[in-house]
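Data block below; observations after.
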Amino acid sequence: VSRQDITQSLSGNGTLEAADSYSVTSLVEAEILSANFEEGDMVQKGDTLYELDSADASNSIENSEISLSGQRRNYENALETKADLTVKSPIAGTVVTLDVEVGDEVQAGQTIATIRDSSSMELKVNFPTDDAAKFYVGQAATVTLDGSFETLGATVTNIAGADTVLSGNRIVRQVTLSVTNPGGLSNTQLATATVGSVGSSDSGTFTYKEERTVTAKTSGEVASLAVSEGDQVQNGSTLVQLSSDTIDDTIASQSDALRQAELSLENAKEAL
């Protein structure tokens, strides 16, 4: 009989696994063009395993860029329409008529006002061709008003190049004169002219330097009037302010659509 330690032994089976293991999955659907590895090969972090066909992803980016460009134009057009709610004068002059009132519903193309620049007038009269051929632009002239026989200084601004035959076989050329309006000239006043010692063949009617009808570029409600009839305005002066809830809603919608198009492009680039 001997004295010794009693030993108990326990055994079992297990499977060895890597400390870190990853399943590589594809984030897009595409054809595999290359797979330059085999099972058992050693690879480093960042090594390329598969090359997939990028044609669809590239096309998706191009389509997203086209969509983004279109949405950006739509948004910019909406902003321009918003700016058109402020009706401005296209010239400097006097507000001859104001055709709307606060609260009116205005449609695109509707007349808002008439602006007239009457600071200077134009007079077109005929002169004998032989004499008119000797005139020159900038030459001084004298205008005589029919009825009052008042005389005003003028300047030759244009000489027609073509002849006109009047009654009695008179051959004339039309000459345009610029006259500073002393304040009482209108487009119903008749006058004759003299350039040097040559008098015009007939009388002519004055026309305003410029007269423009201002129309609305977009629809809306008249929110406020910035001028009254008879007011003097400058080129670009605000005449009428319109308002439109529809345009405001359109801008908000186009802004959202533009952002969605930007996100779509970002996603398409990430996919590539």
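Scanning the stretch 1-18 for residues that are open to solvent by less than 100 Å² (accessible area, probe 1.4 Å) and modelled with pLDDT under 90 yields a single hit, Ala18. If you scan the stretch 50-62, which residues turn out to be open to solvent by 50 Å² or more (accessible area, probe 1.4 Å) and free of Cβ contacts under 8 Å to residues at least 60 places away in the same chain? Within the stretch 50-62, Tyr50, Glu51, Leu52, Asp53, Asp56, Asn59, Glu62 meet the criteria.
For (1) in contact (Cβ under 8 Å) with a residue 60 or more places away in the chain; (2) of a type in the set (Gly, Ala, Ser), each residue gets a yes or a no:
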position	(1), (2)
Glu105	yes, no
Ala113	yes, yes
Asn126	yes, no
Gly138	no, yes
Ser148	no, yes
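The set of residues in the stretch 234-245 that are in contact (Cβ under 8 Å) with a residue 12 or more places away in the chain and either surrounded by 15 or more Cβ atoms within 10 Å (Cβ to Cβ) or assigned to a helix (DSSP H, G or I) (or both) comprises Ser237, Leu239, Val240, Gln241, Leu242, Ser244.
Summed over the stretch 215-238, the residues that are closer than 14 Å to Gln110 by Cα and of a type outside the set (Gly, Ala, Ser) give a count of 5. For Thr246, the conditions (1) more than 19 Å from Pro90 (Cβ to Cβ); (2) modelled with pLDDT of 90 or more all hold with the exception of (2). Return the residue satisfying two criteria in turn: it lies in the stretch 190-213 and is surrounded by fewer than 18 Cβ atoms within 10 Å (Cβ to Cβ) and touching a Leu at 6+ places or on another chain (Cβ under 7 Å), and of such residues it is farthest from Ser89 (Cα to Cα). If we take residues in the stretch 190-213 being surrounded by fewer than 18 Cβ atoms within 10 Å (Cβ to Cβ) and touching a Leu at 6+ places or on another chain (Cβ under 7 Å), then Ser203 is farthest from Ser89 (Cα to Cα).
Being more than 40 Å from the chain's Cα centre (by Cα) and at pLDDT 90 or above is a property that holds for Arg173. Regarding Asn126, is this residue assigned to a strand (DSSP E or B), buried (at least 17 other Cβ atoms within 10 Å of the Cβ) and either modelled with pLDDT of 90 or more or of a type outside the set (Asp, Glu) (or both)? When the stated conditions are applied, Asn126 passes them.
Being surrounded by fewer than 16 Cβ atoms within 10 Å (Cβ to Cβ) and under 38 Å from the mean Cα position of the chain (by Cα) holds for only one residue in Gly183, Gly153, and it is Gly183.
When only residues in the stretch 129-144 that are open to solvent by 30 Å² or more (accessible area, probe 1.4 Å) and hydrophobic (A, V, I, L, M, F, W, C) count, which is nearest to the chain's Cα centre (by Cα)? Filtering first and then ranking leaves Val137. So, in the stretch 88-114, exactly how many residues are open to solvent by less than 30 Å² (accessible area, probe 1.4 Å), farther than 15 Å from Tyr208 by Cα and of a type in the set (S, T, N, Q)? Final tally of qualifying residues: 1.
The values are calculated or read from the model by the stated rules, or taken from the named source; none is laboratory data. Because the structure is predicted, anything quoted here is derived from the model rather than measured. Virtual Cβ from ideal backbone geometry, glycine too; neighbours counted across all protein chains shown. Surface areas here come from the heavy atoms of the whole protein model, side chains and all, with no ligands, DNA or RNA. Shrake-Rupley method; radii C 1.70, N 1.55, O 1.52, S 1.80 Å.
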